[in-house]
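Working notes, beginning with the structure itself.
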Amino acid sequence: MMSHWIIAPVILPAVMGALLVLLMRGDLLLQRIFSTAATVGLLGIAIALVWGATQTPAEVYFLGNWPAPFGIVLVLDRLSALMVLLTALLAIAVQLYAIGSNWDARGRHFHALFQFQLMGICGAFLTGDAFNLFVFFEVLLIASYGLMIHGGGKDRLRAGVQYVAYNLIGSTLFLFALATIYGITGTLNIADLAVKVQTLPEGEMALFRVAAVMLILVFAVKGALVPLQFWLPGTYANAPGPVAALFAVMTKIGAYAVIRFGALVLPPETAATGTLIADLLMPAAIVTLLVGAVGVLGASTFGRLAAFAAIASMGTAFIAIAAFTPQATAAALYYIIHSTLAGAALFLIADLVASRRAHDRLTEALPPIAGTGLIAGLFMATGIAVAGMPPLSGFIGKLLVMEALRDQAALIWSVILGASLLIILGFARAGSTLFWKAHASGSREPATHRPEGLAFVATFGLLAGLVVLTVFSGPVMTWLEEAARLAHDGADYIAANRLPEGN
Amino acid sequence: MELLLASALGLLTTAGLYLILRKRTFPVIVGLTLISYAVNVFIFISGRLVSGLPPIYNPAAAGYADPLPQALVLTAIVISFGMTAVIVMMALGAFIESGDDKVDMNDKDEAGTTK
């Protein structure tokens, strides 16, 4: 019995997004209620899918009941279910923040675009077809273009044009890679690819290597891996706060796709690619982490600091992914969950601060902001999480990554620990300018600001997620290790597609 | 025919890349369009170049042209067309708001006045 629930995370936001545009375009209150209800529904579905994925190793939904590899399939396994759940959790926090801070009222169609964005993200995580992955990438990108320039303004539009241009080039590269792969193997179904790549004739291998590297390049653009990270700081720093927080899961799509393709189609045992992918990814990931850490230390604004922290977290995640062992992948997944929640919380705090200050430059101290004690506390907790200090989950995540890469300890441990030190210094510098020096400079009279209860609830919610992730790290890791083992083994994933014999 | 298509693809991509590296928005958009034309043709020929064959299997014919790339290229054309429309609108908005159509951010922007 095929479970129709697998497609629900795509259908629900798609239908709700359309309804929001068609029926509720003039009424913000209705939009808020229905959009939040749909996101809560998505969370419920995601929890059910995670439960389902825990019971069966892999389940396939054949769209239109066309058999694979001819039709498009959606595949539910632990890895995809986990990413959908992470998206839903983040979406609720971001949506509450957008409502609480009134960001959704600063332009039109925030909620509709938000739902379309969720549709694209969930679809990209669930699909088992490489060309369908491209289509869902485009769905989530086109929604993200709208969200990125939400609220308008000169800088935002300009950064938006750069962002769109960069991603259009990425999409074109994706198409070149897919067409080459199709030309060589005659299939775009991921499970079918995994089977066919193993029996590739010698003469096709060189061309396939080119296609594989192009594919990984596209995912590296999405995952902001050096040297393809240039779009990220400008985009994230200029995007509205809640949108930047939602984008925290977008970089993870690149990481997810590298795990999926790297573990299933291009594992190091593949004759055609060998260790090529890992050899390219590892140095790039190390440089990414360092660039992110130096960026945090030298950031000129709070928004850019959060953006470079996101780059650094992708560096750490990719270091673990590039090892391509189940243990390292499990550590990477744990770190991805942590860094999504922590990174999003940091963007929300940056927005809380920016909306209370005259500007968000870190070069000069301004008088204390409204609610400075509470926001400073939030900043402190999130800084601890992002930098990877105990007691929060960032520490456990980095520990797991270092443990998984014990055999390359000399290089990788020193890079991770050195980068952590730089990030701590960067956060200390930003915190002292924003919160401490503020008391020494200027007026004593308390600043006032519109109360934003819901916005604080959302930010605290993300931090609560980090605490839960820390407290239950044991059971979570047991679950993730099984997820990583299944992703690397791949037998269940391929078997679930029910491919015809010798096609 | 192979030589003709391969050189056309190469030319389109080269011209597109050159234009993408320009400093103003308009040439960049034209460059993106050229590259998306190139990739559309590239997808089309990934099912191999054949002429005079039906796209659906027919026992009477000598073979058949692969129909899947034709479906893929339709999707790719629609998406690249839509994306080009989006970037044109955004570039226009940025031009109207800031008064010039330079692609890069100048120092004043970098200093950060976002709110």
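The values are calculated or read from the model by the stated rules, or taken from the named source; none is laboratory data. Keep in mind it's a predicted model, so treat the numbers as computed, not measured. With ideal geometry, Cβ positions are generated from the backbone for all residues, glycine too; neighbour counts draw on all protein chains shown. These area figures cover heavy atoms from the full protein model, side chains too; ligands, DNA and RNA do not enter into them. Shrake-Rupley method; radii C 1.70, N 1.55, O 1.52, S 1.80 Å.
Cβ separations smaller than 8 Å between residues 6+ apart or across chains give the following pairs from the stretch A:30-55 residues that are charged (D, E, K, R) to residues that are assigned to a helix (DSSP H, G or I): A:Arg32/A:Ile99; A:Arg32/A:Asp104; A:Arg32/A:His111. Here the stretch A:162-179 is the region considered, the condition is being more than 7 Å from every other protein chain (Cβ to nearest Cβ) and more than 20 Å from the chain's Cα centre (by Cα), and the residue that is nearest to B:Met89 (Cα to Cα) is A:Leu173. Only one entry in A:Gly377, A:Gly418 is over 22 Å from the mean Cα position of the chain (by Cα) and free of Cβ contacts under 8 Å to residues at least 40 places away in the same chain, namely A:Gly377. Can you tell me which of A:Gly64, A:Gly107 is open to solvent by 20 Å² or more (accessible area, probe 1.4 Å) and in a helix (DSSP H, G or I)? The match here is A:Gly64. Determine, yes or no, whether B:Leu68 is within 13 Å of another protein chain (Cβ to nearest Cβ), out of contact with any strand residue (DSSP E or B) (no Cβ under 6 Å at 6 or more places or on another chain) and assigned to a loop (DSSP other than H, G, I, E, B). Considered against the rule, which asks whether it is within 13 Å of another protein chain (Cβ to nearest Cβ), out of contact with any strand residue (DSSP E or B) (no Cβ under 6 Å at 6 or more places or on another chain) and assigned to a loop (DSSP other than H, G, I, E, B), B:Leu68 comes out as no.
When you check A:Leu341 against the structure, is it in contact (Cβ under 8 Å) with a residue 40 or more places away in the chain, more than 14 Å from chain B (Cβ to nearest Cβ), part of a helix (DSSP H, G or I) and closer than 23 Å to A:Leu232 by Cα, yes or no? Yes; evaluated as a whole, the condition is true for this residue.
Pairs meeting the criteria (first residue in the stretch A:303-321 and within 14 Å of chain B (Cβ to nearest Cβ), second residue among the acidic types (Asp, Glu) and in a helix (DSSP H, G or I), beta carbons under 9 Å, at least 6 apart or on different chains) are A:Gly303/A:Asp351; A:Arg304/B:Glu110. Within the option set A:Ile423, A:Ile412, being closer than 25 Å to A:Ala344 by Cα, open to solvent by less than 60 Å² (accessible area, probe 1.4 Å) and assigned to a helix (DSSP H, G or I) holds for one residue only, A:Ile423.
Just a yes or no: is a residue in the stretch A:439-448 more than 30 Å from A:Val287 (Cβ to Cβ) and part of a helix (DSSP H, G or I)? Checking the stretch A:439-448: at least one residue is more than 30 Å from A:Val287 (Cβ to Cβ) and part of a helix (DSSP H, G or I). In the set (1) farther than 22 Å from A:Thr127 by Cα; (2) of a type outside the set (Ser, Thr, Tyr); (3) out of contact with any helix residue (DSSP H, G or I) (no Cβ under 9 Å at 6 or more places or on another chain), the condition left unmet by A:Gln55 is number (1).
Report those helices (runs of 4 or more DSSP H) wholly inside the stretch A:213-326 carrying at least 3 residues which are aromatic (Phe, Trp, Tyr) and buried (at least 24 other Cβ atoms within 10 Å of the Cβ).
Working: elements: A:231-238, A:241-247, A:250-264, A:276-298, A:302-321.
Hits in the stretch A:213-326: A:302-321.
Of all residues in the stretch A:139-155, those satisfying the criterion of being more than 7 Å from chain B (Cβ to nearest Cβ) and either open to solvent by less than 20 Å² (accessible area, probe 1.4 Å) or of a type in the set (Lys, Arg) (or both) are A:Leu140, A:Leu141, A:Ala143, A:Ser144, A:Leu147, A:Met148, A:His150. Residues in the stretch A:92-104 that are within 21 Å of A:Leu19 (Cα to Cα) and open to solvent by less than 10 Å² (accessible area, probe 1.4 Å): A:Val94, A:Gln95, A:Ala98, A:Trp103, A:Asp104. Evaluation of B:Gly82 against the conditions (1) in a helix (DSSP H, G or I); (2) more than 8 Å from chain A (Cβ to nearest Cβ); (3) modelled with pLDDT of 80 or more shows that the sole unmet condition is (2).
Every condition in (1) among the polar types (S, T, N, Q); (2) crowded, with 21+ Cβ neighbours inside 10 Å; (3) in contact (Cβ under 8 Å) with a residue 40 or more places away in the chain holds for A:Gln198 except the one numbered (2).
Being modelled with pLDDT under 95 and farther than 26 Å from A:Ser101 by Cβ narrows it down to one residue among A:Ala323, A:Ala370, A:Ala354; which is it? Quick ask: steps written out before the conclusion?
Working: A:Ala370 fails: farther than 26 Å from A:Ser101 by Cβ; A:Ala354 fails: farther than 26 Å from A:Ser101 by Cβ.
Answer to the selection: A:Ala323.
When A:Thr363 is tested against (1) open to solvent by 20 Å² or more (accessible area, probe 1.4 Å); (2) in a helix (DSSP H, G or I); (3) among the polar types (S, T, N, Q), only condition (2) is not met.
Only one entry in A:Met1, A:Met24 is among the hydrophobic types (A, V, I, L, M, F, W, C), surrounded by fewer than 14 Cβ atoms within 10 Å (Cβ to Cβ) and modelled with pLDDT under 90, namely A:Met1.
What do you reckon, is A:Thr199 closer than 24 Å to A:Ala496 by Cβ and of a type in the set (Ser, Thr, Tyr)?
Values: closer than 24 Å to A:Ala496 by Cβ: yes; of a type in the set (Ser, Thr, Tyr): yes.
When the stated conditions are applied, A:Thr199 passes them.
Output the number of residues of the stretch B:1-30 satisfying the condition of being open to solvent by 40 Å² or more (accessible area, probe 1.4 Å) and either outside any helix (DSSP H, G or I) or of a type in the set (Ser, Thr, Tyr) (or both). So the count comes out to 8. If you go through the stretch A:182-207 and keep only what is small (Gly, Ala, Ser) and in a loop (DSSP other than H, G, I, E, B), you end up with just A:Gly186.
Has the stretch A:121-138 got at least one residue that is among the β-branched types (Val, Ile, Thr), open to solvent by 10 Å² or more (accessible area, probe 1.4 Å) and in a helix (DSSP H, G or I)? Yes, the stretch A:121-138 has at least one match.
Within the stretch A:49-61, the set of residues being open to solvent by less than 50 Å² (accessible area, probe 1.4 Å) and hydrophobic (A, V, I, L, M, F, W, C) comprises A:Leu49, A:Val50, A:Ala53, A:Ala58, A:Val60.
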